[in-house]
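A.B. asks: Sharing a structure below in structure tokens format, with a few things to ask.
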Amino acid sequence: MKDEQGMLIVVSGFSGVGKGTVVQMVFDSLPNLQFSISCTTRKPRSGEENGVNYFFLTEDEFERKIANDEFVEYTKTFTNYYGTLKSEIDKPLSRGVDVLLELNVVGARRIKEMYPDSVTVFITPPSIDTLKARLIGRGTETEDSIVRRLREIENESKDIEKYDYCVTNNVARTCADEIVGIIRSEHLKVSRQNVKNLFKAEV
Ligand code: 5GP
């Protein structure tokens, strides 16, 4: 029995926790899952593509979309805007496709308020030291940006208790399997299924 409406899954995690790898593995395991491509005003990192990882916009373009009410939620971190387009989630959901959003804690809170049925998952590192090492090892951040991101980590950790699930990324494959398990179990919840007329006796 398939839900008529797709499910929203919000994944958050500290910078450098390895979200990208884990999330990609989740997509490889679940064909009925689509990524919500966010808009951002930050510059693309090497290997990132417009329309795949993000829609990379200028500040003017982003603010025009705010004025046109095109976002479900948006936020400004440091000096960059990030936002989820209504069109990225409403269309797939109504077609019964699940949508995964990768958001910071502000975005996750906003989505949970607007879509109480959404499932929120926070990915943590095994320890803060592992995280620091990953962030530096990534080689894409300036020293300034690393310091800012570490400060943000401290702030974001206060919000973990508001999430539905918390998984540790020790081994990416295991972490991804846990998230796949969460999504599959959520679909089996009676409240998500149309069970009322399932065993109606035709006599
Ligand atoms: P990054 O610059 O590393 O890609 O993302 C920085 C932070 O912004 C991450 O925590 C990421 O999950 C979050 N983020 C990405 N897209 C959105 C969005 O559309 N809305 C919100 N609220 N956060 C986002």
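The values are calculated or read from the model by the stated rules, or taken from the named source; none is laboratory data. Please read all numbers here as calculations on a predicted model, not as lab measurements. Glycine also receives a Cβ, built like all others from the backbone with ideal geometry; neighbour counts cover every protein chain displayed.
A.B. asks: Looking at the stretch 1-27 only, could you name the residues that are touching a helix residue (DSSP H, G or I) at 6+ places or on another chain (Cβ under 8 Å) and among the charged types (D, E, K, R)?
C.D. replies: D3 - this is the single residue of the stretch 1-27 that is touching a helix residue (DSSP H, G or I) at 6+ places or on another chain (Cβ under 8 Å) and among the charged types (D, E, K, R).
A.B. asks: Another question, then. So how many residues does the stretch 39-52 have that are away from the ligand (no atom under 12 Å from the Cβ) and at pLDDT 95 or above?
C.D. replies: The number of residues fulfilling the criteria is 4.
A.B. asks: Spot the failing condition for I89; the list is (1) under 23 Å from V180 (Cβ atoms); (2) touching a Phe, Trp or Tyr at 6+ places or on another chain (Cβ under 8 Å); (3) within 12 Å of the ligand (Cβ to nearest atom), and only one is missed.
C.D. replies: Condition (2) is where I89 drops out.
A.B. asks: Could you check F55 against (1) in a strand (DSSP E or B); (2) touching a Leu at 6+ places or on another chain (Cβ under 7 Å) and say which number it fails?
C.D. replies: For F55, the exception is condition (2).
A.B. asks: Out of the helices (runs of 4 or more DSSP H) lying entirely within the stretch 67-181, which hold 2 or more residues that are touching a strand residue (DSSP E or B) at 6+ places or on another chain (Cβ under 9 Å)? Steps first, please.
C.D. replies: Details: elements: 86-94, 105-114, 128-138, 143-156.
The helices (runs of 4 or more DSSP H) meeting that bar are 86-94, 105-114, 143-156.
A.B. asks: For a quick check of your reading of the model, give me the residue pairs whose first member lies in the stretch 53-81 and is closer than 24 Å to N155 by Cα and within 11 Å of the ligand (Cβ to nearest atom), whose second is in a strand (DSSP E or B) and of a type in the set (V, I, T), with beta-carbon atoms closer than 8 Å and at least 6 apart or on different chains.
C.D. replies: Here the result reads V72/T84; E73/T84; Y74/T84; N80/T40; Y81/T40; Y81/T75, each pair linking the stretch 53-81 to a residue that is in a strand (DSSP E or B) and of a type in the set (V, I, T).
A.B. asks: Return the residues of the stretch 97-113 that are away from the ligand (no atom under 12 Å from the Cβ) and either within 18 Å of N155 (Cα to Cα) or at pLDDT below 95 (or both); say none if nothing qualifies.
C.D. replies: Selection gives nothing.
A.B. asks: Please pick out the residue among S15, S36 that is in contact with a strand residue (DSSP E or B) (Cβ under 8 Å, 6 or more places away or on another chain), within 30 Å of S185 (Cβ to Cβ), within 13 Å of the ligand (Cβ to nearest atom) and touching a residue at least 24 places away in the same chain (Cβ under 8 Å). Before you say what the answer is, go through the steps one by one.
C.D. replies: Values: S15 fails: in contact with a strand residue (DSSP E or B) (Cβ under 8 Å, 6 or more places away or on another chain).
One residue alone meets the criteria, S36.
A.B. asks: Go through the stretch 1-44 and give me each residue that's assigned to a loop (DSSP other than H, G, I, E, B), out of contact with any Lys or Arg (no Cβ under 9 Å at 6 or more places or on another chain) and not β-branched (V, I, T).
C.D. replies: Selection gives M1, K2, E4, P31, S36, R42, K43, P44.
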